[in-house]
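Below is one structure, written out as structure tokens; the observations come after it.
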Amino acid sequence: MKNKKTLWMILTGLVVGAISVGLVLAGNPKNMGFCIACFVRDIAGGVGMHQAAIVQYIRPEIIGLVLGALIMSVAGKEFRAQGGSSPMTRFVLGFFVMVGALMFLGCPLRMVLRIAGGDLNAVVGLVGFVGGILLGILCLNQGFSLRRTYAQSPLEGGMISAVNVALLVLVVAAPPVIFFSAEGPGSMRAPIWLALAAGLIVGALAQKTRLCMVGGLRDAVLFQDFYLLYGFIAIIVAAAIGNLITGNFNLGFAGQPVAHSDALWNFMGMVLVGFASVLLGGCPLRQLILAGSGNSDSAVTVLGMFVGAACCHNFKLASSADGPTPNGKIAVILGLAVVAAIAALNIQKQKSNK
């Protein structure tokens, strides 16, 4: 049974890596076949939450991830409408996950895809990501908890999926109230139905296997359980092979697509992502999958990510290929302080109830 689970995880990683390469060939930006942070940012722009014209598009991949998780969870009788575990705290943590990700210019999934494309800046990001996860593990070992969840109505659990159906209608109908980038990363996109199909496949597989970038490293350190880590490694292997075959492998720091080479802030951004994600119980990809599976706390986290993405562009917090902004540096430092405070306060509450 364990070997079968491991095989499923490896196959899932290989499929995710291969699909990511395919999406780039179909039109997505290089090293960005899938990026939760970048695509959430694009959707926020697409519905007018920010006005950065080069990153505005309702990405079908995100819609597919949520709906794929919904379909698989219902088919496997694993759909559970539940929530109530510190929702506003999760919203804030989701907000700062996005601040860190847009400092680095990518979520943990894009980080491994960038590594698979030869981007050594992403290796620096990985070191920071591991550091943030270790900080989170330290808090878990001290008794950090966001409390239990409670059963909710199926309507509550399915609301985020209904929102994504509405987004799909918008991107297909393309009414004048939504925005489409004419240039920049937002203009680079795979055909709608191909992107949606890719999201559905990855969402279903991620729901079945519990694929999570944060969980893989967390479980390896805490429990010496490498199950989730196999998926992490398989994505890199499949994407690296695909990039080599298609000529999209470029080893080095300079000239990487939609990336900057400021090592300190690549590191710091991913420290924030790793730290906050451990406290949330999963990476941005995992939050989308849990939301599709009925978890309203993860849905609130995703909303926090959307607001975070909008604020990053409205207040000039997001990095660009030229590097981080002064506002972005301040936001990352503030984010680390806020996340550390959330961790400390919840540890204290845990102890005081004993």
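Here region 37-73 is the region considered, the condition is being in contact with an Asp or Glu (Cβ under 9 Å, 6 or more places away or on another chain) and within 22 Å of residue 111 (Cα to Cα), and the residue that is surrounded by the fewest Cβ atoms within 10 Å (Cβ to Cβ) is 54. Here the condition is being open to solvent by 30 Å² or more (accessible area, probe 1.4 Å), over 24 Å from residue 38 (Cα atoms) and at pLDDT 95 or above; of 140, 194, it holds for 140 alone.
Every condition in (1) under 25 Å from residue 257 (Cβ atoms); (2) surrounded by fewer than 18 Cβ atoms within 10 Å (Cβ to Cβ); (3) of a type in the set (Gly, Ala, Ser) holds for residue 220 except the one numbered (1).
Here's the yes/no breakdown for (1) within 17 Å of the chain's Cα centre (by Cα); (2) hydrophobic (A, V, I, L, M, F, W, C):
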{"site": "305", "(1), (2)": "yes, yes"}
{"site": "308", "(1), (2)": "yes, no"}
{"site": "318", "(1), (2)": "yes, yes"}
{"site": "321", "(1), (2)": "no, yes"}
{"site": "334", "(1), (2)": "no, yes"}
{"site": "339", "(1), (2)": "no, yes"}
{"site": "342", "(1), (2)": "no, yes"}
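So that you can scan it fast, the table gives a plain yes or no per residue for (1) farther than 30 Å from residue 255 by Cα; (2) out of contact with any helix residue (DSSP H, G or I) (no Cβ under 6 Å at 6 or more places or on another chain):
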residue: 70; (1), (2): yes, no
residue: 100; (1), (2): no, no
residue: 110; (1), (2): no, yes
residue: 120; (1), (2): no, yes
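Please find, within region 90-108, the residue that is surrounded by the most Cβ atoms within 10 Å (Cβ to Cβ) out of those that are over 14 Å from residue 281 (Cβ atoms) and of a type in the set (Gly, Ala, Ser). The residue in question is 101. Looking at region 272-354, the helices (runs of 4 or more DSSP H) lying wholly inside it that each contain 3 or more residues that are of a type in the set (S, T, N, Q) and either open to solvent by 10 Å² or more (accessible area, probe 1.4 Å) or farther than 27 Å from residue 221 by Cβ (or both) sit at 326-352. Filtered by the rule that a residue be among the small types (Gly, Ala, Ser) and under 24 Å from the mean Cα position of the chain (by Cα), region 143-196 gives 145, 157, 158, 161, 162, 166, 181, 184, 186, 187, 190, 195. Close contacts from region 133-144, counting a first residue that is touching a residue at least 60 places away in the same chain (Cβ under 8 Å) and a second that is not aliphatic (A, V, I, L, M), with Cβ to Cβ under 6 Å and a gap of 6+ residues or different chains, come to 133/218; 133/274; 135/275; 136/275; 143/350; 144/346.
Taking every residue in region 101-127 that is touching a residue at least 40 places away in the same chain (Cβ under 8 Å) and pairing it with any residue that is of a type in the set (Lys, Arg), at least 6 positions away or on another chain, the pairs with Cβ-Cβ distances below 6 Å are 122/114.
The values are calculated or read from the model by the stated rules, or taken from the named source; none is laboratory data. These numbers were taken from a predicted model, which means no experiment stands behind them. Backbone-built Cβ (ideal geometry, glycine too); neighbour counts: all protein chains shown. Side chains are part of the model used for accessible areas, which takes the heavy atoms of the whole protein and leaves out ligands, DNA and RNA. Shrake-Rupley method; radii C 1.70, N 1.55, O 1.52, S 1.80 Å.
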